[in-house]
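Reviewing the structure listed below.
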Amino acid sequence: GVAAAESAAAAGAAPSNERGVESSEMTSLIPLINKLQDAMSILGNGTSIDLPQIAVVGSQSAGKSSVLENIVGKSFLPRGSGIVTRRPCVVQLIHDTEEYGMFLHQHGRRFYNFADVCSEIEAETSRLCGSNYGLSTQPINLQIHSPNVVNLTLVDLPGSVLNPVGDQPASIVSDIESMLLSYIGSPNTIILAISAANADLATSSALSLARRVDPHGERTLGVLTKVDLMDDGTDASLILQQRDPKVPSLPLGYVAVVNRSQRDIQEKVDIIHARESEMRFFKQHPAYSPLVHNCCTTPLLVKKLVTLLQSRIRAALPGLRTAVGEMLREQREALAALPASDMGSKKRKLVELVLGFSETFRSLLKPNAADNAAEDGVFVIAPGAMIERIFTLQLPQDMRAVDALHDVSKKQNIQVLVENVKGLGGGLFLPDQALTSILRTSVRRLEEPAQRCCSSVLDQLVQLAEKCSEKMRIYELFPSLALELTSRAKELIHDSYVTAAAQISTMVAMETSRIDLSHEDFIGSKVNMAQLYNEASQDVSGARIRPNRRRNPSSDVQQQQQQQQQLQGAQQGGSPTNGQQQQQQPKRGLFQRLGGGGGDQGQGASPPPPPQQQQSLSQLAEGEETTVSLRQDGGSGNYAGNRQSMVLSNPKLLQAVQDLPPERVVEIELLVRLVTNYFSIITKQLTDTVPKAVVLLLVNASTEAISKRLLEELTGDEMVDQLMSVGEGVAQKRQELEQAITLLEDVMRAMEAIQRGAVA
């Protein structure tokens, strides 16, 4: 399998030429992976493929940077105290006739001075991570072209630390460890574990991390540095031969290297001379000279790495081809979704977005089941349902809160109103003008809650228009179009609101223009007014009013029995005896004459009203909040001490009528009951009709206007360029997608060619 082939390669299977290139087929494998790494770096962390790669791990003092520079043959990595590598650096070595560095984020700019390469790594790290100790998993992609390198790719990772030092944050240890594990945890990753030979390898952080993700060591290659700094009389030959029981055995083995010393770095000794010194050291050392061709020197390490990486790539090719094909399809779709540049495509896209905006507005008013998904585990009420709440909860509540007698509940207002209407000479009857005057004033106050309902619906529709652009993500692609769509939609909604508000005012004005006293639900049209007066007063001369805090249940029972006897007599066509007449109708008062007669029945008095019209005032009331008694103290002996309870429908009237004559109290109470009854009819009527008007003239009209007028006004040729101008982010996104698609297409062609060669 793959592990056996890699073990054989690591054990010393030498390539056919000095650069480790077995064939033209294998020469193309590593550049193929380089292109995939570039494509994924362009597309960001959201898109990834499990690529074969070599990840370099080691502690900060193990000489990791020096090993990489020896492999490359150039000094290009930043150095210093503390954590220098804070972002992964994908180093792609490309055999070329020229020698230069090139960063993916610099879009083709060549760096011929490798000191500038080092400075750019530092600058790009600070740009994303800041100037302190921040870390980022977003890699820096660096290509190094040189005639002195072979095709190879290595990922340089931050050095592991055991404890925070100085100003390093407390989480630095776990942060670095998480990043390292995320890279070396992939089964396709070869782990290059670098450890210092002059330290205890049993505690090596690199080998410890590798064992956590590769417990059998099948994809871990050990590298021993600082073998030239070991104590006299000691060497690493047993470790290289994997005969040291204290050091974990690795199927891929160990390789010993000698890096440049700190003095060599300060004196800027070039890598070529450093490699020559390394070879002399191993050949002249008695313990290492027999192992120099199998376990020592940087060139041998490079050959092993190339062979291992090629073997891993070849094994992963079938799965890679499937993954690359899927990624290529996704990126082509993403590119197609971006705005086109030609006029025809722009206009088609504009029409599509305007229609989509209109449809989104309509659908959000009546969302389907798919739109009712919970956001962060919480269901959000839809705009249409919120409008329905306004109609069924807010409007009825606001309507009920309006007081029909707000302006006439004061004593002075009541007196002045009745007196003004009766005018000079007074009057015997309760004038219609008093009733209609109060009703017009009261009904006008219903316009405020009705308009408040309309305004609340307006707010919901405006929020809905703003939500449409966000839901369609128009802001991301066409910010100018998103602003124009939202602004025009708000204007159309407001125009409809003006129409709806005017209609509501008209509806209220219609109710005040004609007070329909013959309305079938109005008690004044059903009940004989004379009967109402008869029930309210007998002869109230000298009566006074006081609060009735106690009611005698026995007297109520007697009164009900008397009324029942009267009803039975009327239904049987009989008439009470003279004595009964005298007890039941002791004296006909002033208001009885409203029935049509001025004396007793024998003198042409009107017959008793039919039983269905004999409703008491208390039965006409909506509630019995306040009660007053009419006590007749100054009449004849037959009526002295007789009391009749009367319910006032509005408790605010109790204080207002304390000093009024009894007959005026009856008038006011009748007036209040009639006003309250008629007002409730109009309130119910408007509560039912206002939502219909709002839906027709505001909701439906806005939806229709957005569907038609936006398409007419925004899709003209003169508006296309203005509205379809893309933001800077979209242009950059297009460039990145085109670059990534080109790389992916090259990879697909290369893999197909390799597959055809393998089949042949």
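Tally Lys/Arg at +1 and Asp/Glu at -1 over every other residue whose Cβ is under 15 Å from the Cβ of THR322; what's the total? Write out the running numbers ahead of the final one.
Details: positive: ARG321, ARG329; negative: ASP50, GLU326, GLU330, GLU752.
Summing Lys/Arg as +1 and Asp/Glu as -1 gives -2.
When you count the other C-beta atoms within 10 angstrom of each residue and take the mean per peptide, 446-458, 740-752 line up highest first as 446-458, 740-752. Charge tally for GLU388 (other residues, Cβ to Cβ under 14 Å; Lys, Arg +1; Asp, Glu -1): +3.
A simple packing score, the average count of other Cβ atoms within 10 Å per residue, orders the peptides 254-265, 488-499 as 254-265, 488-499, with the highest score first. Between ARG452 and GLU470, the simple spin-label model (points 7 angstrom out along Cα→Cβ) gives 2.7 nm.
Given axes a ≥ b ≥ c from the Cα gyration tensor, I'd like to know whether segment 224-290 is rounded (a/c under 1.5), prolate (a/b larger than b/c) or oblate. Cα axes put segment 224-290 in the prolate bin.
Sites listed here are chymotrypsin sites (Phe, Trp or Tyr not before Pro) in segment 103-176 whose DSSP assignment is loop and whose Cβ has at most 12 other Cβ atoms within 10 Å: TYR112. With a simple spin-label model that places each label point 7 Å from the Cα along the Cα-to-Cβ direction, the separation between GLU713 and LEU355 comes to 2.1 nm.
Rounded if a/c is under 1.5, else prolate if a/b beats b/c, else oblate: with a ≥ b ≥ c from the C-alpha gyration tensor eigenvalues square-rooted, which is segment 156-265? Oblate, because a/c is 1.5 or more while a/b does not exceed b/c.
For segment 142-153, backbone phi angles converted through the Karplus equation (6.51, -1.76, 1.60; θ = phi - 60°) give residue-by-residue couplings of 10, 9, 10, 9, 6, x, 9, 10, 9, 5, 7, 10 Hz, Gly and Pro being listed as x. Annotation note: GluC sites (Glu not before Pro) in segment 85-136 located in DSSP loop regions with a Cβ neighbour count of at most 16 within 10 Å are GLU98, GLU99. If R0 equals 51 Å, the separation of the Cβ atoms of ARG109 and LEU696 corresponds to a calculated FRET efficiency of about 0.20. On the basis of the beta-carbon distance and an R0 of 25 Å, SER208 and SER171 show a calculated FRET efficiency of 0.80. The amide H of ASP516, built 1.01 Å from its N in the peptide plane, has no neighbour under 5 Å, considering only residues 5 or more places off or on other chains. Checked against a 24 Å cut-off, the cross-linked pairs LYS74/LYS226; LYS268/LYS303; LYS74/LYS304; LYS35/LYS471 give Cα-Cα distances beyond that limit for LYS268/LYS303; LYS35/LYS471.
For ILE140, the residues whose amide H sits under 5 Å from its own are CYS89, VAL90, ignoring neighbours fewer than 5 places away on the same chain, with H placed 1.01 Å from N. On the beta carbon distance between ILE381 and GLU738, with R0 = 41 Å, the FRET formula returns roughly 0.40. Share of carbon and sulfur in the accessible area of segment 68-127 stands at 46%, probe radius 1.4 Å. Full extension of the segment from ALA199 to CYS129, taken as 0.36 nm per residue of separation minus the current Cα-Cα distance, would add 22.0 nm. Our summary gives segment 106-236 a relative contact order of 17 percent, counting only alpha carbon pairs under 8 angstrom and 6 or more residues apart.
What's the Kirkwood radius of segment 85-239 in Å, using all Cα pairs? Please list the in-between numbers first.
Working: mean 1/r = 0.0568 Å⁻¹.
The answer is 17.6 Å.
Working from label points 7 Å from Cα in the Cα-to-Cβ sense, the HIS494 to ARG445 distance is 3.2 nm. Computed from backbone phi with θ = phi - 60° and the Karplus coefficients 6.51, -1.76 and 1.60, the 3J(HN,Hα) list for segment 392-398 is 8, 10, 5, 4, x, 5, 5 Hz; x is used for glycine and proline. Residue-wise HN-Hα couplings along segment 446-452, as the Karplus relation 6.51 cos²θ - 1.76 cosθ + 1.60 with θ = phi - 60° gives them from phi, are 6, 5, 4, x, 5, 5, 5 Hz; Gly and Pro carry x.
The values are calculated or read from the model by the stated rules, or taken from the named source; none is laboratory data. None of the values given here were measured: they were computed from a predicted structure. Don't worry about glycine lacking a Cβ; one is built from the backbone with ideal geometry, like all the others, and counts go over all protein chains shown. Heavy atoms of the whole protein, side chains included, go into the accessibility calculation; ligands, DNA and RNA do not. Shrake-Rupley method; radii C 1.70, N 1.55, O 1.52, S 1.80 Å.
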